[in-house]
Amino acid sequence: MRKIALKIAEGEDKIVVKSSNIKEFLGTPPYFKSDKLEKPEIGVATGMAWTAYGGEILQVETLITSGKGKIIITGKLGDVMKESAQIALTLSKSLIEKIDNTLLEKFDNCNFHIHVPEGAVPKDGPSAGVTLTTSIISSLLKKPINNEIAMTGEITLMGKVLPVGGIKEKLLSAYRSGIKEVIIPKENEKDLEKIPEEILKKIKVHKVSNIKEVLKIALLEE
């Protein structure tokens, strides 16, 4: 309003604020909105998070390098989320033993670097468990993850997917980001009643109870 007042004081009679000149009044946007990945990628899973400002989507990346079985966790993660990463790695080892035991040696001869971008932003909570596990398994099997899917859910060592909070905010953020499908815990099904009907018509919701269901939905063949 101050800038408009200045223009009027300088002699302009009418000022229209529109998309083409909004930057002149508000300046450069302070941050970029978290959008979905442009294409499926190996080791990069899209999660849904809840923050004090609402929901947002975030990417979880896993890179496997030569090493001695060390897990490296970066991205300013809290203690609970770090524990989720440890659980995800142990669960992944158990799953790989049944899927392709020739890959088991990677857990002794490789390092697993797990990173959640936007490293300056604190992140915590258990709801990234399924996202972390999917990212790790994708890296091990070298199978890309569907970039149209975002997921949330706490994971156990037995592979069960437990309910989490903030489902409404998470689904709304996924919808805004152009996500077409979401994976949520089956026990959170009741929370869908809070989601506007027009959004549920445009976004497919997968309700799962274990990690095997998540991997079947999210992983793509090469």
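At a glance:
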| quantity | calculated |
| --- | --- |
| Condition met for LYS76 (under 26 Å from LEU162 (Cβ atoms) and in the same structural domain as LYS142 (by TED's automatic domain parsing)) | yes |
| Test for ASN146: is it among the polar types (S, T, N, Q) and closer than 22 Å to GLY178 by Cα | yes |
| Any hit, segment 196-204, residues being of a type in the set (Val, Ile, Thr) and within 19 Å of ALA88 (Cβ to Cβ) | no |
| Candidate set from segment 111-146 (those that are modelled with pLDDT of 95 or more and in a strand (DSSP E or B)); member that is nearest to LEU215 (Cα to Cα) | ILE145 |
| Residue in segment 45-52 that is outside the structural domain of THR152 (by TED's automatic domain parsing), touching a Lys or Arg at 6+ places or on another chain (Cβ under 8 Å) and either of a type in the set (Asp, Glu) or surrounded by 12 or more Cβ atoms within 10 Å (Cβ to Cβ) (or both) present | no |
| Out of LYS39, LYS14, sole residue that is in the same structural domain as VAL182 (by TED's automatic domain parsing), farther than 16 Å from TYR175 by Cα, assigned to a loop (DSSP other than H, G, I, E, B) and not aromatic (Phe, Trp, Tyr) | LYS39 |
| Candidates LEU89, LEU95, LEU63, filtered to the one that is of a type in the set (A, V, I, L, M), out of contact with any strand residue (DSSP E or B) (no Cβ under 8 Å at 6 or more places or on another chain) and not in a loop (DSSP other than H, G, I, E, B) | LEU95 |
| Close pairs (6 angstrom Cβ cut-off, 6 or more residues apart or separate chains): surrounded by 14 or more Cβ atoms within 10 Å (Cβ to Cβ) in segment 55-84, assigned to a strand (DSSP E or B) and of a type in the set (S, T, N, Q) anywhere | ILE57/THR46; GLN59/THR46; GLY67/ASN111 |
| Residue match in segment 24-32 (condition: under 19 Å from PHE112 (Cβ atoms) and surrounded by 10 or more Cβ atoms within 10 Å (Cβ to Cβ)) | no |
| Residue within segment 117-130 that is over 21 Å from ILE183 (Cα atoms), in contact with a His (Cβ under 7 Å, 6 or more places away or on another chain) and hydrophobic (A, V, I, L, M, F, W, C) present | no |
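The values are calculated or read from the model by the stated rules, or taken from the named source; none is laboratory data. Treat the numbers as computed from the prediction; the structure is a model and nothing was measured. Cβ: placed from backbone, ideal geometry, glycine included. Neighbour counts: every protein chain shown.
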